[in-house]
Amino acid sequence: MKLRTFAGGIHPPDSKQWSAHKAIEDCPLPAELIVPLAQHIGAPAVPCVEVGQCVAKGQEIGTAKGFVSVPVHAPTSGVISAIENRPHPWGTSLPAVVVKPDGEDRWSSDLRPADPGELSPEDIIEKVRQAGVVGMGGAAFPAHVKLSPPPEKKIRTLIFNGVECEPYLTADHRLMLEDPERILQGVALLQYVFGSERVVVGIEANKPDAIELFEKLCDGTPVEVIPLQVKYPQGAEKQLIAAVTGREVPSGGLPMDIGVAVHNVSTAAAINDAVVLGRPLIERICTVTGPAVREPKNLRIRIGTPLSQLVDTCGGLVETPGKIVLGGPMMGFAQLGFEVPAIRGTSGLLLLRQDDVTLQPEGPCIRCARCVQACPMHILPTTIAAYARRDMVAEAAEYCAMDCIECGSCSYVCPAAIPLVQGIRYGKAAILAKKRNS
Amino acid sequence: MSPVSQQLYLSSSPHIHSGESTARVMRAVLYSLIPACGVAIYFFGIPALAVLLIATLGCLATETVCQRLMRQPVTIADGSAAITGVLLALNLPPTSPWWLTLLGSVIAIAVGKQVYGGLGANPFNPALVARVVLLISFPVQMTTWSAPAPLGSGLDLVTTATPLGVWKNAVMLTGHLPESMQGGTIDYFLGNMPGCLGEVSALALLLGAAYLFYRRILTWHIPTSFIGTVVLLSGLFWLISPEKYPSPAFHLLTGGLVLGAFYMATDMVTTPVSTRGMLLFGVGCGVLTVLIRLFGGYPEGVSFAILLMNGATPLIDRYLRPRTFGALAGKV
């Protein structure tokens, strides 16, 4: 059978063999948990606790500010030891609430389980908001916003993203294997909220065990399991929708414009915990992997755990890393050090050696068109990057720079090692700045 | 927890690379030309080897001199100048005198490539620029062909005309195909006919092209649309007037079509980047080739056709962009 997919894309080595077979382990609590108030797209939360105050596990320590914002919670019971700026995965120092664990790991008594059968869609959305659930594929967009489309945008097709197309990462894969019930509960809840006619779980074909398990569990239910061709970026929202429905999200639009919503499988599990157990998003699965770490693992981590704790739990380093990446190698963010905490969007910690990251010198474009063939948005990366790097903003915009999803396929394939997606990013920022100023 | 080194890279994503490089691509193209060079040497002997060596060394030397003069880093290690040299040699007659070959390599690199800014900046295929300049400037030397004298056959190279030349002369003089042009397809396919070094053996060229397909350096679009157009269009003329026009197989296997379609018209630098653009480029090359061969002054039109389409490439790239994912109706 020919597997569904999208046009374009690349085939990097998936490098998942390091950790795909490793069962999820609990990461021990660190000496302090650093919980940034901004872990999501939107307004940062505002602290609602004081230094010295005792908090219980799951207690709100930062309140949401506005609609596109989510609260943050204490990942364990303990004492607030500081509220100050700390190094943040986004590359700067940002306000964080620091929790010193008391070792009891005692849940807050305010959190109560609920019977989902008795909840209205609005109740569910409110519980998701209170629990601080964000998209867990990496973008960390507040989930309750995505659950509240305008009434005229009916979500007919609901897609769950179990693709995990980033090389190295196996967090979603392990969660699908070890906790499928939590995911499927979340799937059922979202189907109820949206009233969708079609519900799909998309899984890349390099996870046959997960596909088999979900096909078995979904047999006789309305949920459809669709295996997808192994290709990057199969898990990108627009490409996943194209593969599943054959339709394209219009340029500049959102999936809801064509009646589709996409949620990560981990997000579905977090929504289940939020609604059924009443528990906020204070932990997630994170793959710690790469050639520079001694023992790659899939860890269940508390939000706010410093990266140093993750590395120690995985047997330390084999050699001095050349790059510390949060997320996958294609779209992750390079870090300055190990004191940065893992946050809600942290799907992986990738440690590359010096040899893995040595930069190839850039050469002239030989117009080989590999970037054009690789681009999943069907734009001309080499042309846009060339315009952007010469500050020809209008030309870059005319060549559809804003349609770039920054997947990095162009830079990956370029034989001349031209920083194509980096150039396009720069161009996009310039286009937005120009729009703001006019 | 060991301390973090001060050597951390902080570049933005992606953090991995395919490992492909310009030099690797160029090396693969050079490897793919080995069969064609081998056949040329087999059929035409030492003179062919001399043309290959002079052209390649001439291109490398010219690139070095140009870049030295412009105080730029010398980039002959990237292999692109060597490819130009080999391709130029394959586009020359085996009897081409040493000074002609050398002049060709100087024109290819200096006029065809470096004046525009070097690798990636030249609008026209450098080897073809040289071939055409030589053809127009030295028509006698550039159209003195010799019959093959396979190694060990004891034959000497004897001056003769190419099959296309024979046909063109006959048609001009008598208005119909010459008697001698019945059959011979297998010889044409293997390369046992007069012609440029690299024009003779379709088999050897296809072997090399197959390797490039396998390495994904060549895509099917240009060769297929180029050759397909030639076959269709020449077939049309052949069906209308078979006593005057040669068959598509003759068009396909004699002259520079296979070399042109797989190696010259697929030069990345001088051809469109989009799929639709490549298809249009190939069709344009095919139409021009047939028109020049059948109605032009020269028996062979592949080089002119490709150069003309090279000139159209920026226009094609501008107007035949791929349709952007999710583009609204009527927009790219």
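Go ahead and run the numbers for FRET between A:Q53 and B:F213, Cβ-Cβ distance against an R0 of 60 Å, rounding to 0.05.
0.30
Quick test of the membrane-span-like rule: which DSSP H helices of chain B reach at least 27 Å along their long axis (C-alpha atoms) with mean Kyte hydropathy at least -0.5?
Result, helices passing both filters: B:46-69, B:221-240, B:275-295.
Where the centroid of each part is defined by its Cα atoms, how far is segment B:27-43 from segment A:70-115 in Å?
A separation of 67 Å, based on Cα centres.
At 0.36 nm per residue, and after removing the present C-alpha to C-alpha distance, how many nm does the segment from A:A139 to A:D355 gain when stretched out fully?
Full extension of this stretch gives 74.9 nm more.
Just want the answer: with Cβ charges of +1 for Lys and Arg and -1 for Asp and Glu, which residue in A:N161, B:P314, A:V134 is farthest toward the dipole's positive end in the protein assembly as shown?
It is B:P314.
Using the crude model of +1 on Lys and Arg Cβ and -1 on Asp and Glu Cβ, and no other charge, please compute the dipole size for chain A relative to its Cα centre, in debye to 20.
Charge dipole of chain A: 1120 debye, to the nearest 20.
Note down the nm distance, to one decimal, between modelled labels 7 Å out along Cα→Cβ at A:T92 and at B:T275.
So the label points at A:T92 and B:T275 sit 4.2 nm apart.
Could you estimate the translational diffusion coefficient of segment A:1-45 from the Stokes-Einstein equation, with Rh from the Kirkwood formula over C-alpha pairs, at 37 °C and 0.692 mPa s, in whole µm²/s?
202
Give the separation of the Cα centroids, segment B:72-131 to segment A:4-19, in Å.
Comparing the Cα centres of segment B:72-131 and segment A:4-19, I get a distance of 39 Å.
If you take the charge dipole of chain B about its Cα centre, with +1 on Lys and Arg Cβ and -1 on Asp and Glu Cβ, which of B:L294, B:Y263, B:A327 is farthest toward its positive end?
Of the listed residues, the answer is B:A327.
How compact and how long is segment A:370-437, expressed as Rg and Dmax of its alpha-carbon atoms in Å?
10.9, 37
Place a +1 charge on the Cβ of each Lys and Arg in segment A:65-200 and a -1 charge on the Cβ of each Asp and Glu, then give the dipole magnitude about the Cα centre in debye, rounded to the nearest 20.
That gives segment A:65-200 a dipole magnitude of about 440 debye.
Over the alpha carbons of chain B, what is the largest minus smallest coordinate on each principal axis, giving the biggest first in Å?
Answer, in whole Å and largest first: 86, 54, 35 Å.
When a footprinting reagent is the concern and you count Cβ atoms within 10 Å, what order do B:T84, B:T324 take, fewest first?
Ordered by Cβ neighbours within 10 Å, fewest first: B:T324, B:T84.
Between A:R106 and A:V46, take the C-beta separation as r, use R0 = 25 Å, and let me know the FRET efficiency to the nearest 0.05.
Once the sixth-power term is evaluated, E becomes 0.50.
Would you kindly calculate the translational diffusion coefficient of segment A:193-344, applying Stokes-Einstein with the Kirkwood radius from alpha carbon pairs, for 10 °C and a viscosity of 1.306 mPa s, and quote it in µm² s⁻¹ without decimals?
Answer from the Stokes-Einstein relation: 88 µm²/s.
Name the most mobile residue of A:S77, A:S15, A:S120, meaning the one with the largest mean-square fluctuation, in a Gaussian network model of chain A with Cα contacts below 10 Å.
Maximum among the listed residues: A:S120.
Starting from 0.36 nm per residue, how many nanometres of slack lie between A:D209 and A:A31 once their C-alpha separation is accounted for?
Working it through step by step, the gained length comes to 60.4 nm.
Rounding to the nearest 20 debye, state how big the charge dipole of segment A:120-277 is about its Cα centre with +1 on each Lys and Arg Cβ and -1 on each Asp and Glu Cβ.
380
Compute the distribution of all C-alpha to C-alpha distances in segment A:120-277, in bins of 5 Å from 0, and list the percent of pairs in each, rounded to whole numbers.
2, 10, 20, 24, 22, 15, 6, 1
For the protein assembly as shown, how big is the tail of P(r) above 44 Å, as a whole percent of Cα pairs?
39
Rounded to the nearest 500, what is chain A's calculated 222 nm mean residue ellipticity when only DSSP H runs of at least 4 contribute -39500 (n - 2.57) each, over all residues?
-7500 deg cm²/dmol
Cut-off 11 Å, label point 7 angstrom out along Cα-to-Cβ of A:A7: give me the residues of segment A:370-408 whose amide nitrogen falls inside.
A:377-379
Take B:V106, A:V72, A:V293 and order them by how many other Cβ atoms sit within 10 Å, fewest up front.
So the ranking, lowest neighbour count to highest, is B:V106, A:V293, A:V72.
Just need the Rg to Rh number for segment A:271-430, please, alpha carbons only, Kirkwood Rh.
Result: Rg/Rh = 1.07.
Which three semi-axes in whole Å describe the equivalent ellipsoid of segment A:68-122, each the square root of 5 times a Cα gyration tensor eigenvalue, listed largest first?
After diagonalising the Cα gyration tensor, the semi-axes are 29, 19, 8 Å.
Divide by every residue of chain B the summed helix terms, -39500 (n - 2.57) for each DSSP H run of at least 4, and state the resulting mean residue ellipticity at 222 nm, rounded to the nearest 500 deg cm²/dmol.
That calculation yields -17000 deg cm²/dmol at 222 nm.
How do A:T289, A:T5 rank when sorted from fewest to most other Cβ atoms within 10 Å of their own Cβ?
Ordered from fewest to most neighbouring Cβ atoms within 10 Å, A:T289, A:T5 come out as A:T5, A:T289.
Give me the percent of DSSP beta bridges within the protein assembly as shown that run antiparallel, rounded to the nearest 5.
Bridges in the protein assembly as shown are about 60 percent antiparallel.
Any idea what log10 I(q)/I(0) is at q = 0.15, 0.18 Å⁻¹ for segment A:47-175, Debye with uniform C-alpha scatterers and no solvent?
-0.97, -1.23
Seen from all sides and averaged, what is the projected area of the convex hull of the Cα atoms in chain A, in nm²?
21.2
Evaluate the distance, in nm, between pseudo-label points positioned 7 Å from the Cα of B:L239 and of B:L203 along their respective Cα→Cβ axes.
The answer from the label model is 3.1 nm.
Set Lys and Arg Cβ to +1 and Asp and Glu Cβ to -1, take the dipole of chain B about its Cα centre, and tell me which of B:S21, B:L232, B:A209 lies farthest positive.
The Cα lying farthest towards the positive end belongs to B:S21.
Report D for segment B:22-141 in µm² per second (integer): Stokes-Einstein, Kirkwood Rh on Cα pairs, 37 °C, 0.692 mPa s.
Taking Rh from Cα pairs, D becomes 232 µm²/s.
What ³J(HN,Hα) values, in whole Hz, does the Karplus curve 6.51 cos²θ - 1.76 cosθ + 1.60 give for segment A:122-128 when θ = phi - 60°, with x put for Gly and Pro?
Once θ is set to phi - 60°, the couplings for segment A:122-128 become 5, 4, 5, 4, 5, 5, 5 Hz.
Could you let me know the centre-to-centre spacing of segment B:189-252 and segment A:375-438, using Cα atoms, in angstrom?
Value for the Cα centre distance between the two parts: 39 Å.
Since every read-out is calculated from the coordinates, none of them should be taken as a lab result. Quick caveat: nothing in here was measured; it's all calculated off a predicted structure. Backbone-built Cβ (ideal geometry, glycine too); neighbour counts: all protein chains shown.
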